[in-house]
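Here the structure comes first, spelled out in structure tokens, and everything after it is commentary.
Just so you know, all these numbers are worked out from the coordinates, no wet-lab data involved. From a predicted model like this one, the values you see are computed outputs, not experimental measurements. Here the Cβ is made from the backbone with ideal geometry for all residues, glycine too, and neighbour counts use every protein chain on show.
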Amino acid sequence: MAITVTKENFKSLVLDSKEPVLVDFWAAWCRPCQMLGPIVDSLSTEVEGLAKVVKINVDEQPELANEFRIMSIPTILVFKNGKVANQAIGVRSKDELRKLLGV
């Protein structure tokens, strides 16, 4: 299951992470986000120990959504060494997400 991230734990869980981190920006009312959710959760189990998979609800964390200029959801950002290394917008397959993550 993907970890829920807030502005309070974003730095420790994402920016300071030693492993790559896939961040799913989503909202409960977003149909494509609902389609992507199970894929993200499944991926989080598969890459455990190699990478982190986290979720940020844009309605609950508008500061983070604004900081990363999230204009459409779902948006996936992959962080490596504290910086955005890859990104994708819209529903993607698990294989596509794994390639973005690089594991």
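What the table shows:
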item: Dipole-positive endmost among 68, 5, 33 within the chain (Cβ charges, Cα centre); result: 68
item: Segment 27-94: GluC sites (Glu not before Pro) in DSSP loop, at most 12 other beta carbons within 10 Å; result: 48
item: Against the rule of thumb 2.2 N^0.38 Å, how large the Cα Rg of the chain comes out; result: 0.94
item: Helix-only CD estimate at 222 nm, as mean residue ellipticity for the chain, using -39500 (n - 2.57) per DSSP H run (n ≥ 4); result: -8500 deg cm²/dmol
item: The chain: relative contact order in percent, alpha carbon pairs under 8 Å with at least 6 residues between; result: 37 percent
item: In segment 17-91, the trypsin sites (Lys or Arg not before Pro) that fall in loop regions by DSSP, at most 13 other Cβ within 10 Å; result: 18, 69
item: Mean separation of Cα contacts under 8 Å (6+ apart) over length of segment 57-103, as relative contact order %; result: 26 percent
item: Fraction of antiparallel bridges per DSSP, segment 3-101 only, in percent to nearest 5; result: 60 percent
item: Cα-centre dipole for segment 3-101 with unit charges at Cβ (Lys and Arg positive, Asp and Glu negative), debye to 20; result: 300 debye
